[in-house]
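*Asks:* One structure is given below, represented as structure tokens, and several questions about it will come after.
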Amino acid sequence: MTGIGSRLREERTRLKLSQSALGAIGGVETNAQGNYENGVRSPKADYLLRILGAGVDINYVLTGVRPRDSDSTLSPSRPPDPLHNEHFENVTHQLHRNLHGLIDALYQMALLIEARANDTQDETARSELETVRAQAQELAQSSVRLIFDTSKLT
């Protein structure tokens, strides 16, 4: 695969961002980010401008040419201060949305486990269900703490 999509993926990988994280920075959903990287769709200018602020080398993505340090007037893009910009807020918002969904799924799982544990006479199965329930509860509590802690940063 060659072209804008592969170079966009290369830049995302270089910045150590997931598709959902770069998509959030660019203001698109994860599936749109994947479509851009797979060459199914072409990114729009507003998306490219937003990801430029995250450190993506747009010149490279569009042309396939990286500026040389010695003879280029273009300075390489630098990531913005991650705690004081709208990109950080967008990614934090997406994280919160995902964590809220996770917490809801964990709650539903706990209810199902409790019902199943009450229906079984097998002590081994009950013990395994209790272990899973305890792990789900720990994960939900960690998710709530992460939401709380990251909310203070924005």
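The values are calculated or read from the model by the stated rules, or taken from the named source; none is laboratory data. As the structure is a computational prediction, the values presented were derived from the model and not from experiment. No Cβ is skipped: glycine too gets one built from the backbone with ideal geometry, and neighbour counts run over all protein chains shown.
*Asks:* Six or more apart or on different chains, Cβ atoms under 9 Å: show the pairs whose first residue is in the stretch 127-154 and touching a residue at least 12 places away in the same chain (Cβ under 8 Å) and more than 15 Å from LEU106 (Cα to Cα) and whose second is surrounded by fewer than 13 Cβ atoms within 10 Å (Cβ to Cβ) and hydrophobic (A, V, I, L, M, F, W, C).
*Replies:* LEU153/LEU83; THR154/LEU83
*Asks:* Tally time: how many residues in the stretch 14-35 are part of a helix (DSSP H, G or I), of a type outside the set (Gly, Ala, Ser) and within 19 Å of ASN90 (Cα to Cα)?
*Replies:* Matching residues across the stretch 14-35 total 6.
*Asks:* Keeping to the stretch 36-67, report how many residues are within 16 Å of VAL91 (Cβ to Cβ) and of a type in the set (Ser, Thr, Tyr).
*Replies:* The total comes to 1.
*Asks:* Could I ask something else about it? Against the conditions (1) outside any helix (DSSP H, G or I); (2) in the same structural domain as ARG14 (by TED's automatic domain parsing); (3) modelled with pLDDT under 85, where does ASN59 fall short? Just the number, please.
*Replies:* Failing condition for ASN59: (1).
*Asks:* Checking HIS87 against (1) at pLDDT below 85; (2) under 20 Å from THR150 (Cβ atoms); (3) surrounded by fewer than 18 Cβ atoms within 10 Å (Cβ to Cβ), which single condition isn't satisfied?
*Replies:* (3)
*Asks:* Across the stretch 1-31, what is the number of residues that are surrounded by 15 or more Cβ atoms within 10 Å (Cβ to Cβ), of a type in the set (Val, Ile, Thr) and either over 11 Å from the mean Cα position of the chain (by Cα) or not assigned by TED's automatic domain parsing to the domain that holds ARG41 (or both)?
*Replies:* The qualifying residues number 2.
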